[in-house]
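> Please see the structure below; I have some questions.
The values are calculated or read from the model by the stated rules, or taken from the named source; none is laboratory data. Since this is a predicted model, take the numbers as computed values, not measurements. Cβ coordinates were reconstructed from backbone atoms using ideal geometry, including for glycine residues, and neighbour counts include every protein chain displayed.
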Ligand SMILES: [Zn+2]
């Protein structure tokens, strides 16, 4: 995620204790001495795991679709600063690879170059976050209803995002598999009804059989479970952002699949952040992994083996967090044109503290791809997730769908983990920068029309 919230942070006051004071406190020292903190892998370990990246055999990509977004939490009224809303803006940007390569050769990005973007479709959503309600509803209900209305909106001639969510939950690409989705508990306050089923005939706005309260399709993400009436909904913002970005990805995949499946082979989707669903939204990782595996098992045109020409080409790129910190620690030990495939053992040993022998390997319930660190010929470094079909705790290079071509395009775009060389994510960020939007007007309209 390239943006952080600019609103008031709940524990700002804690920062008045200095870092040195905390770290030198005997109790803290004693605690840290009993903890494990990941250390960078040594040069020998890294050298033994490096895999050289071959040039792509039969390049297919013509189009790059970058999906990114940002959000800002902001107080609504000066005299009541604890009442906050959050403004999200996100969406796909569609570039022709030829245009991007031409852009890359120019010394700066001129405004007219931006006009080369084939299509700009921005979604915006205003979410009530704290001490605010829609027409007297609870905060939790206000959040649910807002998300429900948002995914039901039609943007231009596109079908609403709710259709993409339904396609994902009910596995609309196949007649096999599970055709229902279960919400473990009624989302309405005070109701203890369990296992609400969503099937093909369930409307986007249904009803709980016990309390008769609304059950929205969007309740399948269970974001409401983390909304607290007093503490607010700030805890769900990053989950909202990443879930919606991935629903947009499904929306685009579905559009191409419905129109002309073979076109998918010519598209590289680049998503900001890992290919994963975290927290309460993590059950969505499973159908997402199934969708990727399904698309990549389709026969190639002319009857070639499917694995050489996968239909779905997608990469998640990380720019912050533990994996990026680790990559920057070891990048000098990596040779250019090599990849370090991150296995469960390696991740738990060097990146995220955990038990490598655990029966719950890293990412099994959250990721729909495998992770790797790639060093391009120009020495830019990338932390990437790429689909691997079924979950594999120790994937090999060839388990990743079309990895050689994906990495070669990343290298040519130079959208590495460092902010100073990001294309096309840099363009996306430029375009979604909140200062470019009349956000004040949007917020005022919202405040006047819907708040009580
Ligand atoms: Zn109920």
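> Sort out which residues of segment 230-256 are without any contact (Cβ under 8 Å) to a residue 24 or more places away in the chain and closer than 14 Å to residue 138 by Cβ, and write them in order of number.
Listed by number, the list holds a single entry, 230.
> Please go through (1) surrounded by 21 or more Cβ atoms within 10 Å (Cβ to Cβ); (2) more than 17 Å from the chain's Cα centre (by Cα); (3) more than 16 Å from the ligand (Cβ to nearest atom); (4) without any contact (Cβ under 8 Å) to a residue 60 or more places away in the chain for residue 227 and return the number of the only condition it doesn't satisfy.
(4)
> Only one residue in 140, 122, 101 is over 30 Å from residue 339 (Cα atoms) and either at pLDDT 90 or above or over 20 Å from the mean Cα position of the chain (by Cα) (or both). Which one?
140
> Shifting gears a bit: Given the criteria surrounded by 15 or more Cβ atoms within 10 Å (Cβ to Cβ), in a loop (DSSP other than H, G, I, E, B) and at pLDDT 85 or above, does residue 85 qualify? Lay out the reasoning, then the answer.
Numbers: surrounded by 15 or more Cβ atoms within 10 Å (Cβ to Cβ): yes; in a loop (DSSP other than H, G, I, E, B): no; at pLDDT 85 or above: yes.
Criteria not met by residue 85.
> Of all residues in segment 165-205, which are surrounded by fewer than 19 Cβ atoms within 10 Å (Cβ to Cβ), within 11 Å of the ligand (Cβ to nearest atom) and either within 24 Å of the chain's Cα centre (by Cα) or in a strand (DSSP E or B) (or both)?
Residues satisfying the conditions are 185, 194.
> Whether any residue in segment 320-339 is surrounded by fewer than 23 Cβ atoms within 10 Å (Cβ to Cβ), within 19 Å of the chain's Cα centre (by Cα) and closer than 25 Å to residue 287 by Cβ is what I want to check.
yes
> I'm told residue 217 meets every condition in (1) modelled with pLDDT of 95 or more; (2) closer than 20 Å to residue 86 by Cβ; (3) more than 15 Å from the ligand (Cβ to nearest atom); (4) in contact with a strand residue (DSSP E or B) (Cβ under 9 Å, 6 or more places away or on another chain) except one. Can you identify the failing condition by its number?
(2)
> Only one of 311, 264, 340 is in contact with a helix residue (DSSP H, G or I) (Cβ under 7 Å, 6 or more places away or on another chain) and either without any contact (Cβ under 8 Å) to a residue 12 or more places away in the chain or in a loop (DSSP other than H, G, I, E, B) (or both); which?
311
> Might you check whether a residue that is within 24 Å of residue 276 (Cα to Cα), touching a helix residue (DSSP H, G or I) at 6+ places or on another chain (Cβ under 9 Å), part of a loop (DSSP other than H, G, I, E, B) and away from the ligand (no atom under 16 Å from the Cβ) occurs anywhere in segment 248-258? Give the derivation first.
Here is the first cut: in segment 248-258, the ones within 24 Å of residue 276 (Cα to Cα) are 248-257.
Going one step further and asking which of them are touching a helix residue (DSSP H, G or I) at 6+ places or on another chain (Cβ under 9 Å), we end up with 248-257.
From what is left, the residues that are part of a loop (DSSP other than H, G, I, E, B) are none.
Checked against the condition, which is being within 24 Å of residue 276 (Cα to Cα), touching a helix residue (DSSP H, G or I) at 6+ places or on another chain (Cβ under 9 Å), part of a loop (DSSP other than H, G, I, E, B) and away from the ligand (no atom under 16 Å from the Cβ), segment 248-258 yields no hits at all.
> So is residue 94 modelled with pLDDT under 75 and either within 30 Å of residue 150 (Cβ to Cβ) or touching a helix residue (DSSP H, G or I) at 6+ places or on another chain (Cβ under 6 Å) (or both) or not?
Judged against the criteria, residue 94 is a match.
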